[in-house]
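Input: a single structure, listed below in structure tokens.
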């Protein structure tokens with residue numbers, strides 16, 4: 001089966017999972033962490049090279065202070081518990097987003113975990129934290145504008161590669177597959193630039209209920225799709241022209 005090199009997931013539905021069971025929202029988030037653990041381990045086992053999880057959006061700062069604090073505590077707990085497993089499975093932690101806004105103690109744990117796993121040769125696990133794609137693009141454009149003003153770039157130097165080099169995802173391939181749970185069919189300000197040619201998969205399953213079996217269903221659907229990148233199916237099947245042909 002053809003697997004995505006880079007899988008991205010919008011983990012949605014923790015609050016609804018809790019509400020359906022008349023439980024506090026934070027218990028939905030705690031159950032969601034268990035789903036994270038299972039999916040990370042399964043992706044690593046399958047040999048997926050890059051996994052990016054939308055864990056906390058730029059807009060999530062607007063949630064009730066108590067919920068935000070609980071989410072930060074859950075993140076710290078996850079990092080503390082999972083470091084040994086990351087080292088055992090060869091997983092390298094990466095983070096995208098404006099983590100300067102995060103509590104100092106959580107930010108320190110993130111940086112420490114990234115440092116301690118930076119030589120790992122297995123899957124790259126990227127957590128999108130305090131992340132919003134429009135914010136990311138604005139920051140990248142400001143960087144380009146500053147380089148232009150300093151004479152380090154000319155207008156002619158500004159192309160797709162120059163912008164991509166200033167995004168949080170520099171060094172990562174674009175996602176091949178995006179999964180969103182809970183039945184919502186939107187991308188919610190996530191990787192707007194990087195998802196240009198990504199296959200999208202939506203499932204009604206709420207994130208806390210998302211198991212490796214659901215992951216395999218999504219991967220099976222992905223393997224059946226023909227990714228043409230603007231070409232025709234016939235062109236892809238014929239392969240590149242050999243010698244002397246017209247271009």
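The values are calculated or read from the model by the stated rules, or taken from the named source; none is laboratory data. The shown structure was predicted, so the numbers you read here are calculated from the model rather than taken from an experiment. Here Cβ is always computed from backbone atoms with ideal geometry, including for glycine, and neighbour counts include all displayed protein chains.
With respect to residue 30, is the statement that it is modelled with pLDDT of 95 or more and over 19 Å from the mean Cα position of the chain (by Cα) true?
Working: modelled with pLDDT of 95 or more: yes; over 19 Å from the mean Cα position of the chain (by Cα): yes.
Criteria met by residue 30.
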Candidate set from the stretch 217-247 (those that are in contact with a strand residue (DSSP E or B) (Cβ under 9 Å, 6 or more places away or on another chain) and assigned to a loop (DSSP other than H, G, I, E, B)); member that is modelled with the highest pLDDT: 225
Residue list for the stretch 200-210, restricted to those being more than 24 Å from residue 95 (Cβ to Cβ) and assigned to a loop (DSSP other than H, G, I, E, B): 203, 204, 205, 206
Number of the exception - residue 104 against (1) more than 16 Å from the chain's Cα centre (by Cα); (2) farther than 29 Å from residue 165 by Cα: (2)
Residue within the stretch 1-10 that is surrounded by fewer than 16 Cβ atoms within 10 Å (Cβ to Cβ), out of contact with any helix residue (DSSP H, G or I) (no Cβ under 9 Å at 6 or more places or on another chain) and in contact (Cβ under 8 Å) with a residue 24 or more places away in the chain present: yes
Residue 197 being within 30 Å of residue 166 (Cβ to Cβ), modelled with pLDDT of 95 or more and in a strand (DSSP E or B): no
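For the stretch 185-216: of the residues being touching a strand residue (DSSP E or B) at 6+ places or on another chain (Cβ under 9 Å) and farther than 23 Å from residue 136 by Cα, which is surrounded by the most Cβ atoms within 10 Å (Cβ to Cβ)?
Looking only at the stretch 185-216, we keep the residues that are touching a strand residue (DSSP E or B) at 6+ places or on another chain (Cβ under 9 Å), and these are 185-191, 194-195, 198-203, 207, 210, 214-215.
Right, trim to farther than 23 Å from residue 136 by Cα and you get 201-203, 207, 210, 214-215.
Details: 201: 18, 202: 17, 203: 20, 207: 27, 210: 24, 214: 17, 215: 21.
Looking at residues that are touching a strand residue (DSSP E or B) at 6+ places or on another chain (Cβ under 9 Å) and farther than 23 Å from residue 136 by Cα, I get 207.
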Odd one out for residue 157 among (1) modelled with pLDDT under 95; (2) farther than 29 Å from residue 10 by Cβ: (1)
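Quick check on this structure: which one of 19, 45 is assigned to a helix (DSSP H, G or I), without any contact (Cβ under 8 Å) to a residue 60 or more places away in the chain and under 30 Å from residue 170 (Cβ atoms)?
Values: 19 fails: under 30 Å from residue 170 (Cβ atoms).
The match here is 45.
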Lone unmet requirement of (1) surrounded by fewer than 17 Cβ atoms within 10 Å (Cβ to Cβ); (2) touching a helix residue (DSSP H, G or I) at 6+ places or on another chain (Cβ under 8 Å); (3) within 22 Å of residue 168 (Cα to Cα) for residue 104: (2)
Among the candidates 93, 74, residue that is more than 22 Å from residue 214 (Cα to Cα) and either buried (at least 21 other Cβ atoms within 10 Å of the Cβ) or at pLDDT below 95 (or both): 93
Selection count, the stretch 125-172, where residues are loosely packed, with under 14 Cβ neighbours inside 10 Å and within 11 Å of the chain's Cα centre (by Cα): 0
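Can you find even one residue in the stretch 201-210 that is within 13 Å of the chain's Cα centre (by Cα), touching a residue at least 24 places away in the same chain (Cβ under 8 Å) and over 20 Å from residue 48 (Cβ atoms)? Quick ask: steps written out before the conclusion?
Start the filter on the stretch 201-210 by keeping residues that are within 13 Å of the chain's Cα centre (by Cα), which leaves none.
No, every residue in the stretch 201-210 fails to be within 13 Å of the chain's Cα centre (by Cα), touching a residue at least 24 places away in the same chain (Cβ under 8 Å) and over 20 Å from residue 48 (Cβ atoms).
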